[in-house]
Structures are given as C-alpha cells and as structure tokens.
1. Between beta-carbons, use under 15 Å as the cut-off and find the net charge around Ile58, counting Lys and Arg +1, Asp and Glu -1.
2. Going by average Cβ density within 10 Å per residue, which order do the peptides 302-311, 205-214 take, highest to lowest?
3. Mind telling me which of Arg399, Arg67, Arg241 comes out most flexible in a GNM of the chain, alpha-carbon contacts under 10 Å?
4. Indicate the gyration tensor shape class of the range 28-178 (rounded, prolate or oblate), computed on the Cα atoms with a ≥ b ≥ c the square roots of the eigenvalues: a/c under 1.5 is rounded; otherwise a/b larger than b/c is prolate and the rest oblate.
5. Measure nothing fancy, just the Cα-based angle from helix 99-112's long axis to the longest principal axis of the chain, in degrees from 0 to 90, nearest 10.
6. Grab the DSSP H runs of the chain that are 4 residues or longer, score each as -39,500 (n - 2.57), total them, divide by all residues and round the 222 nm result to the nearest 500 deg cm²/dmol.
7. Distance check, please: which entries in Lys122/Lys266; Lys153/Lys268; Lys11/Lys48; Lys35/Lys84; Lys48/Lys85; Lys48/Lys72 exceed 18 angstrom between their Cα atoms?
8. Residues with beta-carbon under 10 Å from that of Ala189, excluding Ala189: net charge, scoring Lys, Arg +1 and Asp, Glu -1?
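Values in this text are rule-based calculations from the coordinates and carry no lab data. Nothing here was measured: the structure is a model prediction, and the numbers come from that model. All Cβ positions, even for glycine, are placed from backbone atoms using ideal geometry, and neighbour counts span all protein chains on display.
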Amino acid sequence: MLTHIQVSSAKPAAKAYNLSDSQGLHLAVRPNGSKLWRMNFRYLGKQKTLHIGPWPDISLAEARARRDDARKALAAGIDPVLEKKRAKVTAKFAAATSFKEVAQEWIAKCEREGRAAVTLEKVRWLLNMAYPLIGSHPIDGITPHEALAVLRKVETNGRYESARRMRSVLSRVFRYGIATARCDRDVAADLRGALTTPKAVHHAAIIDPHEVGILLKTMDGYTGQAVTRMALRLSPHLFVRPGELRQAEWAEIDVEKAIWSIPVEKMKMRRPHRVPLSRQVLAMIEELREITGHRQHLFPCMGSPRRPMSENGVNQALRRLGYESGEMTAHGFRAMAATLLNEMGQWNPDAIERQLAHQDTSAVRRAYARGEYWDERVAMMQHWSDYLDGLRDTAEAPRAPKTASGNSKVRKPKAGRPRGRPRR
C-alpha cells in the first residue's frame, strides 16, 4: 500500500508509470509531473478504468474512500464509470437553476418544436420585462409575491393584456422547470384572479356592404409603393391574418391548382392552412410576380428585400387613404368577410370558420368536426371575389382624399351596425 511520502515524492519519468495501492487503486505519474488517481476494475467481464481525480486535490485517504464507494457500486451491479458520467451531467443540469436560464432552455425547446418566429419574439419580449426582477433568482425559490410584482409592474402602465399574457408565459416556464426537476410548483398559476381582466379588443372593420364598396374603390386609387398596393388589394379577397399575408412566399403558391398552402409554423393555431385562389386573386398574383417574383416573399420589405414587409404596411396604407384606426384595420378584412359571408346565408358556417383558420372552442366538437369543406370553400372564395367586385363597381365614388390639414371627409356607417368582432 502507498504512503503519503511515496505519493508526494514520486518523480516524473520519460514515460508514464503507475504506483499501485490496493484493490485496483493506483497513482498514474505522467512525464509532465501531474499525478492522477485511477482505479482498475472489471464490469460484466470487461476491463475498465475509473478516473478518480488529481493529486493533491484528492488525497490518498480520499482516493481510497472513493475506491471503496466504487466497489460498493460494483457489488450492487452498477458501473461506477457510467455513474460518474451521470452525476456530472446531473450536476451540470442542476446548476442552471435561475429563472432566466430555465426560461432560455424552454424557449430553445420551443424553437426545436417549430414554434413560429413571431410567437417566440413576443415571448422573449415578455420575459425580458421579467428578468430584471426575477431572472437571477433560483426558480425553485421564487414566491407568488415576487411573480405578482413582475405582473403588477406591467399592469401599472395600463397594459392589462400584456400582463395576462406574461402570466401565461411565466406559468409555462415554471411548468417546464417542474418537468426538468428544477422546481416543484407553478407559482404563476395561483395569480389568475389577481390580474385586471382586459377588455376584449375589437379590430375596427367596415361591414356595411355600401361602405365596403366605397372602401374598395378608394383602395384602387392608392398611389404608394407597388408592393403595399398589392398587399392592400389582396387583403379583402384572401382575408387571412395580416402576419400570414405579409410572410407569404412564392414557393407556397400553386398557380396551376389555384391554392396557397400556408405551413404550420406560420399559423396562429399551429396547423397548416390552404387558401383557394379566385380568378381575381390569381390575376393580381401574376401582376405581383412581375414586381417581386425574383424574391422569396410576395411582399418583401423595400429596405431589406430578404425580409417580409412591415407588419404595419397595410394599416399605414389605410391611414393614408383616410381610414382611421378606429374605423378600419388590416385585421378588419377578416371581420368583414366573416360577417358578410354569414349574412349571405348560403355558406355552411363551419366552412367559413375553416377558411378563417379558426379553431373550435369546444374540444369535443373539434374531435368530431374534422371536415375541411374544401369544395364549398373553393366556390365560396370565388363568389366572395365576385361579390367584392360588384360592391366596388356599384359604389358611386371613392372616399374624398385628405385635406391639407390632414383630415378627410369620413362617411359614417349606418346606425345599428356593429363595427367589428373580437380578434381571433
């Protein structure tokens, strides 16, 4: 057996050599002077070596104690080398216990699962507001009071909807922490009743047929950028969400089949969506191809052509035409289509909802109502484009342009008509 003096006085040689202790433990002396404790053993008939650690960080007594622990593991049928690797991985994983570290791991997981980039961007924005208060705190030590302080900070600015969404995001981070053994409780789940309930947001929309015709005729006179003009003209015919429209890519358009196939990662409800293309839409797409057909996106950003146009592009065009934010929005084209198509009474409401890419709020109904109503949707989209053309052609005149003071002559909608419907 080795002694402390033998270990400390061992000198390096031209080649590495070992000083044996007992029961497989030995000290490996390297030519560079380093001394490492190792243990040789057999496991399932194979010769293996356990690297215990360097001397003098690990003393002779400590090396023997670790050897004894390894022998106990062998007696229990456990490979001490594999056990050491597991312990190292566990320690490394357990070290990342701050709320920010766990949140970043969860975001990385969402990215691997293909969550939409715009969704992840919103999540990061919300979490960045939470990090200054709880980002460095161990996630298992965060109290409901601390989480509530984060939400109250957002609420004080009147951003009730942002606070509601932040609570949901915090809850998902805590649940991920539970799943990865970093915490035992979702403290954000207890705060649902503590927040101010935001009022439902209605995106302004024109849904009176007479006013729709005037809007369409006014849109025909838009003189801004060609890409924005085409996005504006296509919006009422397609009535997809504004983000889905601006991110449309040429590879998704099948002119022969008259279908626009939107991939799952771009959809709010996380399921792929198909849009039948009417004759009018196909004609506008071919017109647009002359402008941006060489780009990735149908509507590229003029300053950064590899990126899609600004999310406010269509809204800004409407403002330029004299339509204020409380009167008409890019998202309002969806409410316009939903309202007028339902009022026609000739289309299955489920077909309209499928075309809007809405998800049924009833889980039971979702399980049984799986039809896509494709043929009806194809006919409906062509009828819708024909209907829009008829409204535009019969409108007496476009809206009056803005005056020098920036105001415009605004037509008031007919009394008793709602201005829009909740965002979905």
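1. Working: positive: Lys35, Arg38, Arg64, Arg66, Arg67, Lys84; negative: Asp21, Asp57, Glu62, Asp68, Asp69.
After counting each charged neighbour, the total is +1.
2. Values: 302-311: 14.1, 205-214: 20.4.
So the peptides 302-311, 205-214, ranked by packing, come out 205-214, 302-311.
3. Taking springs between Cα atoms under 10 Å, the residue moving most is Arg67.
4. On the way: a/c = 3.35, a/b = 2.84, b/c = 1.18.
In terms of gyration-tensor shape, prolate.
5. 60
6. Values: 16 runs with 197 residues, N = 424.
That comes out to -14500 deg cm²/dmol.
7. Values: Lys122/Lys266 14 Å; Lys153/Lys268 28 Å; Lys11/Lys48 26 Å; Lys35/Lys84 20 Å; Lys48/Lys85 14 Å; Lys48/Lys72 16 Å.
Result: Lys153/Lys268; Lys11/Lys48; Lys35/Lys84 exceed 18 Å.
8. Details: positive: Arg167, Arg175, Arg185, Arg192; negative: Asp186, Asp190.
Every neighbour counted, the sum reads +2.
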